[in-house]
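Notes for the one structure printed next.
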Amino acid sequence: MKKITAFVVSLTPIVAFAQTPQMTDVNSLSSKLVNIGNLITYLLIAMSVIAIPIGIIVGIVLAVRASDEQDISKKKRKKWWMIICFIAPIVLLFVVLSGWGLINILLNTFKN
């Protein structure tokens with residue numbers, strides 16, 4: 001309950017200073033959408049950059065635990081999770097950055 005109250009109280013300035021959007025034409029709407037897309041992209045990049053060292057640490061821990069296991073099937077399963085922990089954040093970062101680059105190429109190509 002305390003967390004919910006703290007969250008609501010932290011949002012109070014946002015609500016108090018809220019303004020009506022000044023969207024009068026398609027260009028202002030598209031600029032708002034581009035700003036939202038850029039924010040989402042920045043958040044995904046930050047999450048994937050944070051996830052890379054976490055994935056490496058989890059992969060190392062799984063490798064150490066897999067070396068202690070006697071059962072071969074558990075060893076194989078832990079090694080697969082180790083590979084996923086290493087590769088998944090890097091693939092996420094690659095996909096986000098390449099998508100962001102392609103969208104920027106399209107935006108600059110059709111810019112007036």
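For residue 47, which of the numbered conditions (1) in contact with a Leu (Cβ under 9 Å, 6 or more places away or on another chain); (2) modelled with pLDDT of 80 or more; (3) surrounded by 15 or more Cβ atoms within 10 Å (Cβ to Cβ) fails to hold?
In the conditions (1) in contact with a Leu (Cβ under 9 Å, 6 or more places away or on another chain); (2) modelled with pLDDT of 80 or more; (3) surrounded by 15 or more Cβ atoms within 10 Å (Cβ to Cβ), residue 47 misses (3) alone.
Name the single residue that is surrounded by the most Cβ atoms within 10 Å (Cβ to Cβ) among those in the stretch 88-112 being closer than 21 Å to residue 53 by Cα and in contact (Cβ under 8 Å) with a residue 24 or more places away in the chain.
Filtering the stretch 88-112 for residues that are closer than 21 Å to residue 53 by Cα and in contact (Cβ under 8 Å) with a residue 24 or more places away in the chain, the one surrounded by the most Cβ atoms within 10 Å (Cβ to Cβ) comes out as 89.
Every residue, every condition in (1) assigned to a helix (DSSP H, G or I); (2) touching a residue at least 60 places away in the same chain (Cβ under 8 Å); (3) surrounded by 13 or more Cβ atoms within 10 Å (Cβ to Cβ); (4) not β-branched (Val, Ile, Thr), yes or no:
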{"residue": "27", "(1), (2), (3), (4)": "yes, no, no, yes"}
{"residue": "32", "(1), (2), (3), (4)": "yes, no, yes, yes"}
{"residue": "40", "(1), (2), (3), (4)": "yes, no, no, no"}
{"residue": "52", "(1), (2), (3), (4)": "yes, no, yes, no"}
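State all residues of the stretch 50-64 that are modelled with pLDDT under 85 and not hydrophobic (A, V, I, L, M, F, W, C); if no residue qualifies, say none.
55, 59
Output the residues belonging to the stretch 88-112 that are touching a helix residue (DSSP H, G or I) at 6+ places or on another chain (Cβ under 8 Å) and among the β-branched types (Val, Ile, Thr).
Answer for the stretch 88-112, where residues must be touching a helix residue (DSSP H, G or I) at 6+ places or on another chain (Cβ under 8 Å) and among the β-branched types (Val, Ile, Thr): 90, 96, 103.
The values are calculated or read from the model by the stated rules, or taken from the named source; none is laboratory data. Everything numeric in this text was worked out from a predicted model, so none of it was measured. Note: ideal-geometry Cβ built from the backbone for every residue, glycine included; neighbour counts use all protein chains shown.
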